[in-house]
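*Asks:* Pasting a structure below so you can have a look.
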Ligand code: NAP
């Protein structure tokens with residue numbers, strides 16, 4: 001039984017529901033541990049919780065956009081950032097924090113790190129080390145052991161005797177040693193992180209101290225000015241060191257998993273092959289420590305003989321979309337066309353929307369969120385597999401919280417319309433392609449009849465089978481349909497499915513148009529994502545949104561864009577409408593001053609926003625406008641297959657809007673000696689001019705495209721170009737920092753004149769403002785990443 005003594009505050013700040021999901025899981029497991037979590041959203045500050053009165057809190061918070069807090073956390077952050085707060089303001093508070101982020105982007109877990117550092121700066125102390133979970137490697141790699149170690153720490157903090165109810169529902173001898181060693185790993189990493197919590201801030205430069213002794217000396221040598229530097233700066237340096245530790249930790253965890261998940265083992269003379277449905281020793285012979293089964297909480301009631309126009313329901317129950325700066329409105333598709341040749345590796349589509357009925361406008365560089373639907377065929381197949389008849393699927397139903405649920409603080413998924421149909425809810429509200437989490441698999445165990453299948457599902461969701469889960473479920477990105485196909489004796493009720501499927505997120509696309517050039521129109525381009533059939537994936541699929549848009553616009557793709565426009569103007573044919581909303585964009589805008597030189601780097605569909613920039617510039621330029629050098633580095637595979645916007649770009653170059661168009665073809669004789677293959681190779685070829693534009697011209701550099709590989713390679717290429725063409729004038733330390741930790745330079749450069757002038761005394765005549773900004777990383781693999789670099793000082 002929980003008593004007040006066992007109570008702690010559990011706060012979450014979520015953008016897409018991941019942090020909330022983890023917080024809810026902790027709340028559920030706390031009950032089993034004999035603890036009482038008071039679960040609150042950080043957005044409810046001053047209404048439902050007062051951190052000022054709490055002594056023990058656990059915070060789960062994600063990071064979004066360009067290292068920004070989730071929308072719901074902004075107000076709370078503003079409140080605790082107030083400079084007038086005394087340094088002992090949170091002295092009473094003992095807390096821990098789990099940050100969620102994606103290490104593919106700079107500012108990994110920045111919101112969590114900022115919040116953590118600020119609370120500590122205000123006197124709060126950790127009762128358990130903070131954890132930084134990385135979506136790039138799998139949140140659970142850090143989150144699971146962090147949660148396992150939380151309970152003992154909470155009990156110590158709450159002065160409760162150790163033990164309590166077992167963490168796991170043991171099926172055999174629980175391997176507590178391993179659980180503890182995971183916890184120990186976190187503790188060790190955090191101890192290391194506090195030891196290395198010294199960053200040489202002399203001259204305003206980020207020189208990351210690897211040597212712990214030096215770090216100590218450095219810390220004691222900080223002068224008064226350094227002491228008074230902003231706490232944001234502290235956080236930036238702190239976070240880099242922690243990043244490293246988290247990286248190490250994730251690597252350790254991944255290494256362990258790989259060891260677990262060897263796919264072929266030799267037993268006697270027989271070679272056994274592991275797979276989604278087949279485990280190998282030692283896992284197949286291990287005792288398993290199963291996680292607790294999530295508590296059921298959702299009820300569905302069917303209403304006979306009622307009718308409902310589901311198309312008139314507000315999208316996803318009118319629930320606000322992340323990063324939206326206006327409500328969802330309907331836009332009409334006026335044209336759609338294929339931009340690539342039939343034999344191109346990828347198929348690129350261009351879609352033009354009429355947004356004149358929307359009460360917002362946009363600037364080049366902005367993006368919109370598009371509300372997509374799941375494929376009707378996939379929904380049908382899922383319903384069929386769940387034994388839901390077509391009649392039941394179309395019946396009006398209402399979703400509510402089970403009246404006798406044992407779940408603590410059960411929250412109804414607010415993106416589900418309380419009154420809807422199963423088909424409508426699955427088609428428009430739930431991410432049916434999501435990779436089932438371990439909690440979902442744990443629930444499925446309960447609905448599996450076949451003992452062998454039950455055992456395998458248990459393995460996949462338990463601690464001992466973490467490697468198999470990663471290898472056979474997370475890495476191939478299987479969805480519920482795939483898992484159910486692999487375990488045919490599993491027949492979960494539909495309510496379970498709605499309890500576990502997350503919200504269908506809107507997909508983000510950049511404007512490839514300018515409101516000046518084409519008023520009332522918004523154009524975007526995208527590749528149709530192909531997900532081929534693979535081990536575990538029962539059929540080839542297209543990306544959720546890109547496949548849906550392709551299908552939706554097939555009739556328009558068959559006619560020329562001009563004819564499409566004419567048809568829509570004459571109201572011929574059926575109008576196709578889609579829900580969209582404009583997304584907030586704080587950074588990715590071209591400089592208002594056209595005289596500032598511009599270097600744009602955008603291979604593939606990464607060129608989209610630059611088309612918008614250039615169309616806009618074309619309209620702004622008149623005969624007496626002073627226009628800076630405008631360069632575009634574009635890259636594609638073949639000159640004649642996937643050179644997007646070729647005609648438009650060549651025209652923009654011939655009329656002078658674009659000073660230089662540099663294109664690389666990665667598969668047209670790219671192997672020939674010295675022929676540039678990628679955009680970064682061309683950057684090197686034009687290194688002297690690029691260096692001059694950056695260091696003398698004060699050019700702004702925008703990079704847009706694949707974040708995982710291209711953006712990093714381009715960053716490296718720019719650093720090499722500067723090094724080669726500006727030589728020793730530039731500090732090696734600075735260049736290393738630029739490469740490794742670009743964002744720290746941004747903040748220093750922006751917030752402190754002294755930092756900037758000191759960097760000059762270091763002999764650095766130029767430094768960069770680099771920020772990696774991403775729209776979003778979606779299950780579609782549509783990641784939009786923008787790297788923006790501004791040369792701040794003129795040499
Ligand atoms: P893509 O077709 O995969 O690649 C375009 C070119 O880049 C190819 O020639 C490819 O060469 C080359 N490439 C591969 N690896 C590279 C590397 N490390 N460095 C430089 N070039 C490299 O491009 P895409 O699919 O269009 O991808 C563009 C990215 O931009 C996506 O991540 C997309 O989400 C993002 N984005 C899209 C929008 C939008 O509005 N649609 C907006 C912003 C960003 P090889 O294949 O021959 O190696």
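Every number in this text was worked out from the coordinates using simple rules, so none of it is lab data. In this text the structure is predicted, and so the values were computed from the model without any measurement. As a convention, Cβ positions derive from the backbone with ideal geometry for all residues, glycine included, and neighbour counts pool all protein chains shown.
*Asks:* Using 0.36 nm per residue of separation minus the Cα-Cα distance, give me the extension gain between residue 303 and residue 625 in nm, one decimal.
*Replies:* Extra length from residue 303 to residue 625 when fully extended: 109.3 nm.
*Asks:* Grab the beta carbon distance between residue 332 and residue 452, set R0 = 45 Å, and tell me the FRET efficiency rounded to 0.05.
*Replies:* So, using R0 = 45 Å, E works out to roughly 0.25.
*Asks:* Give me the number: length gained by fully extending residue 557 to residue 272, i.e. 0.36 nm times residue separation minus the C-alpha to C-alpha distance, one decimal in nm.
*Replies:* 97.7 nm
*Asks:* With r defined as the distance between the Cβ atoms of residue 639 and residue 312 and R0 fixed at 45 Å, what FRET efficiency is calculated, to the nearest 0.05?
*Replies:* 0.35
*Asks:* How high is the relative contact order of segment 291-399, given as a whole-number percent (alpha carbon pairs under 8 Å, six or more residues apart)? Intermediate values should be presented prior to the final figure.
*Replies:* On the way: 75 pairs, mean separation 40.7, N = 109.
Answer for segment 291-399 is 37 percent.
*Asks:* Note the direction-averaged projected area, equal to a quarter of the hull surface, for the Cα convex hull of segment 272-425, in nm².
*Replies:* 17.1 nm²
*Asks:* Let me ask something else about it. Taking the Cα-to-Cβ direction at residue 402 and at residue 52 and moving 7 Å from each Cα, how far apart do the two end points lie in nm?
*Replies:* Using points 7 Å along Cα→Cβ, the separation is 4.1 nm.
*Asks:* Follow-up. Using a Förster distance of 45 angstrom, determine the FRET efficiency expected from the C-beta separation of residue 376 and residue 586, and round it to 0.05.
*Replies:* After rounding to 0.05, the efficiency reads 0.75.
*Asks:* How large is the convex hull of the Cα atoms of segment 572-686 per residue, expressed in Å³ as a whole number?
*Replies:* Given the Cα convex hull of segment 572-686, per-residue volume reads 166 Å³.
*Asks:* Could you give the nm distance between label points at residue 539 and residue 156, where each point is 7 Å from its Cα heading toward the beta carbon?
*Replies:* 5.3 nm
*Asks:* Obtain the radius of gyration and the Kirkwood radius of segment 406-526 from its C-alpha atoms and give Rg over Rh.
*Replies:* On the way: Rg = 19.1 Å, Rh = 16.9 Å.
Using Cα coordinates only, the ratio equals 1.13.
*Asks:* What do you get for Rg/Rh of segment 404-445 when both radii come from the Cα atoms and Rh is the Kirkwood radius?
*Replies:* When Rh is taken as the Kirkwood radius, the ratio is 1.01.
*Asks:* With the crude spin-label approximation of a point 7 Å out along Cα→Cβ, what separation in nm comes out for residue 360 versus residue 88?
*Replies:* Distance between the two pseudo-spin positions: 4.6 nm.
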